[in-house]
1. For region 133-148, which positions are more than 16 Å from L13 (Cα to Cα) and of a type outside the set (V, I, T)?
2. Residues of region 89-115 being in contact (Cβ under 8 Å) with a residue 24 or more places away in the chain, in a loop (DSSP other than H, G, I, E, B) and in contact with a Pro (Cβ under 7 Å, 6 or more places away or on another chain), which ones?
3. Quick check on this structure: which one of I85, I127 is over 21 Å from V9 (Cα atoms), without any contact (Cβ under 8 Å) to a residue 60 or more places away in the chain and within 16 Å of the chain's Cα centre (by Cα)?
4. Would you check if V39 is free of Cβ contacts under 8 Å to residues at least 24 places away in the same chain and under 17 Å from K145 (Cα atoms)?
5. Taking A21 as the residue in question, decide whether it is closer than 19 Å to K129 by Cβ, small (G, A, S) and surrounded by fewer than 19 Cβ atoms within 10 Å (Cβ to Cβ).
6. For residues that are without any contact (Cβ under 8 Å) to a residue 24 or more places away in the chain and among the polar types (S, T, N, Q), scanning just region 1-11, find the one that is nearest to Y122 (Cα to Cα).
7. Name every residue in region 133-149 that is under 25 Å from T87 (Cβ atoms) and out of contact with any Lys or Arg (no Cβ under 9 Å at 6 or more places or on another chain), in order of residue number.
8. Which residues, taken from region 12-22, are under 13 Å from the mean Cα position of the chain (by Cα) and touching a residue at least 12 places away in the same chain (Cβ under 8 Å)?
Amino acid sequence: MTTATREQVANALFNLLQTSATYYTTSRRFIPWDDITSVQKPALFQIEHEEEHVRGKQLIPAIRTLNLDVYLFISTGLDPNTTPITTLNDLIDAIDPVSGGVLSPYPASSRQTLGGLVTDCYIEGKITKVPGDLDGLGVAIIPIKVVFM
């Protein structure tokens, strides 16, 4: 049985997330939001944090779960005539499968498989939102799990 590598999985997810909206900066390497200029936003960063392995009773490879965070940075709060949470909500919806975003399952399945590389890829947990009403800079942090062998 051939299994996907971590880099294949991470790159497939990153490539998909980049298509969710028009981002001026994207990376798999984190850059703090105040180190990015306003013209470089919205920005998307995909960061890997943890990996879990669970092996069943059968002699098969362990099931791996990658835990990633997607950071979305905005600067629309610098415009006093804009409601920055609207920008964050739109960017989150462009990713969220419940809203028809890019993590939506393929039509023939109930899972997002990243083109057949993984068993499933989904949002799980709390999405942190800081709209930027006070200083103009906003962020959303979306927790994503990717399950594969």
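The values are calculated or read from the model by the stated rules, or taken from the named source; none is laboratory data. Just so we're clear, the structure is a prediction, and the values are computed from it rather than from any experiment. Quick reminder, even Gly has a Cβ in these numbers, built from the backbone with ideal geometry, and neighbours come from all protein chains shown.
1. Correct list: D133, L134, D135, G136, L137, G138, A140.
2. Across region 89-115, the qualifying residue is only L103.
3. Being over 21 Å from V9 (Cα atoms), without any contact (Cβ under 8 Å) to a residue 60 or more places away in the chain and within 16 Å of the chain's Cα centre (by Cα) holds for just one of I85, I127, which is I127.
4. no
5. Answer is yes for this residue.
6. Here the answer is N11.
7. Residues satisfying the conditions are D133, L134, D135, G136, I142, I144.
8. Here is the first cut: in region 12-22, the residues under 13 Å from the mean Cα position of the chain (by Cα) are 12-21.
Of everything in region 12-22, those that are under 13 Å from the mean Cα position of the chain (by Cα) and touching a residue at least 12 places away in the same chain (Cβ under 8 Å) turn out to be A12, L13, F14, L16, L17, Q18, T19, S20, A21.
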